[in-house]
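A quick write-up on the structure given underneath.
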There are 2 protein chains.
Amino acid sequence: MDHVDRILAQWQRERPDLDISAMGLLGRFTRLRNHIGREIEKTFAERGLTSASFDVLAALRRSGPPFQLSPGDLLATTMVSSGTMTNRIDQLEKQGLVQRLDNPDDRRGVIIALTPEGLERVDEAATAHVTNQHRVVASLAPDEREALDALLRKLLATFE
Amino acid sequence: MDHVDRILAQWQRERPDLDISAMGLLGRFTRLRNHIGREIEKTFAERGLTSASFDVLAALRRSGPPFQLSPGDLLATTMVSSGTMTNRIDQLEKQGLVQRLDNPDDRRGVIIALTPEGLERVDEAATAHVTNQHRVVASLAPDEREALDALLRKLLATFE
DNA sequence: CGACGATATCTTGACGTCAAGATAATATCG
DNA sequence: CGATATTATCTTGACGTCAAGATATCGTCG
């Protein structure tokens, strides 16, 4: 009987006409997302980053040398709007972690490049982040983590 | 080989020192959350609501007649800060869906009450919402939904 | 009864996000 | 070649959220 069960019991009492058999799953999903999101955010905050800024730095880092991508490339991996990406890049540029370079092949476009400090910061943050990720899912046994991953993969496939 | 697998492959190539075995699960979790969140939001938007406003109306609705709770009660179920709750109530009050009443037992406090229109709107939205919830998880078989719910429950128990 | 720590709610200021639209450059096609 | 559609990025304005602190009231304990 967790928090979500209590919510379901209230709905059952007040609106017995509703089929709430999917509500528990989605309610737990949402609450879990809030908890996990906050845990992840803490680790980044200790290093002057946010999930948002790490997402951008990480995309540049894992693309390999020379650690450069266009805003359009970054958009394709991060599930945010173009306005949000502009804003994220602005913030990272102010912090000196990325740089906007002219795109020699297309004068409409720019190239976002990790600075040496950006590279250092994202590598350090990535190390801490993966450790933290393990901590967050530590209460599940390895086979449970695998089962959960498989189910999430199947459901995610509906959307992408 | 989904989007997350490609990200993992990049990390593996660039940072083979990292143990990324938890990253796939959490990456899929986050992406899924974005997709599902947007689907849910659409249903509410068609009815002039948001997930945020529905959360508040729903808490009042499922508490049963007379559909009244204090802001503190609402805070306890919704995982947001007090400032956020004040803002949510302000918006709902402007829309005429809730009303702030004096709390006769405690002059520091107020009571948030669903208006007749608020009751009608939340009942209609709840009906549409549960239907939409089923649609969102329809790609999983019943036993898979149950397995997923059980795993989320176990993981959520770590945090609450 | 009166002081003082707890409690309930609200205020403020800073961010991050989005949708819609603006701007500038490129690509296509008659 | 020139007109027109398309593309890449940025701008604008509106929200929702949070942390930190303000305000007013309550409860307790000497």
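Suppose the filter is open to solvent by 30 Å² or more (accessible area, probe 1.4 Å), within 12 Å of DNA strand D (Cβ to nearest atom) and under 18 Å from A:Ala52 (Cβ atoms); does A:Asp73 pass it?
The answer is yes for A:Asp73.
A count restricted to region A:22-62 and to residues that are without any contact (Cβ under 8 Å) to a residue 12 or more places away in the chain, more than 7 Å from chain B (Cβ to nearest Cβ) and either open to solvent by less than 40 Å² (accessible area, probe 1.4 Å) or over 23 Å from A:Glu124 (Cα atoms) (or both) stands at 1.
Here A:Arg145 passes the criteria (1) more than 14 Å from chain B (Cβ to nearest Cβ); (2) open to solvent by 40 Å² or more (accessible area, probe 1.4 Å) except the one numbered (1). Restricted to region B:31-51, and to residues there that are closer than 16 Å to A:Thr30 by Cα and acidic (Asp, Glu), the residue that is farthest from DNA strand C (Cβ to nearest atom) is B:Glu39. Does region A:131-141 contain any residue that is surrounded by 14 or more Cβ atoms within 10 Å (Cβ to Cβ), small (Gly, Ala, Ser), in contact with a Ser or Thr (Cβ under 7 Å, 6 or more places away or on another chain) and not assigned by TED's automatic domain parsing to the domain that holds A:Glu39? So far as region A:131-141 goes, yes, one or more of its residues are surrounded by 14 or more Cβ atoms within 10 Å (Cβ to Cβ), small (Gly, Ala, Ser), in contact with a Ser or Thr (Cβ under 7 Å, 6 or more places away or on another chain) and not assigned by TED's automatic domain parsing to the domain that holds A:Glu39. Inspect all residues belonging to region B:3-14 and state whether any of them is of a type in the set (Val, Ile, Thr), buried (at least 20 other Cβ atoms within 10 Å of the Cβ), touching a helix residue (DSSP H, G or I) at 6+ places or on another chain (Cβ under 9 Å) and farther than 28 Å from B:Gln91 by Cβ. Within region B:3-14 (the criterion being of a type in the set (Val, Ile, Thr), buried (at least 20 other Cβ atoms within 10 Å of the Cβ), touching a helix residue (DSSP H, G or I) at 6+ places or on another chain (Cβ under 9 Å) and farther than 28 Å from B:Gln91 by Cβ), the answer is yes, since at least one residue qualifies. Only one of the numbered conditions (1) more than 8 Å from chain B (Cβ to nearest Cβ); (2) more than 16 Å from DNA strand C (Cβ to nearest atom) is not met by A:Ile89, and that is (2).
The values are calculated or read from the model by the stated rules, or taken from the named source; none is laboratory data. Quick caveat: nothing in here was measured; it's all calculated off a predicted structure. Cβ: placed from backbone, ideal geometry, glycine included. Neighbour counts: every protein chain shown. These accessible areas exclude ligands, DNA and RNA; they are computed on the full protein's heavy atoms, side chains included. Shrake-Rupley method; radii C 1.70, N 1.55, O 1.52, S 1.80 Å.
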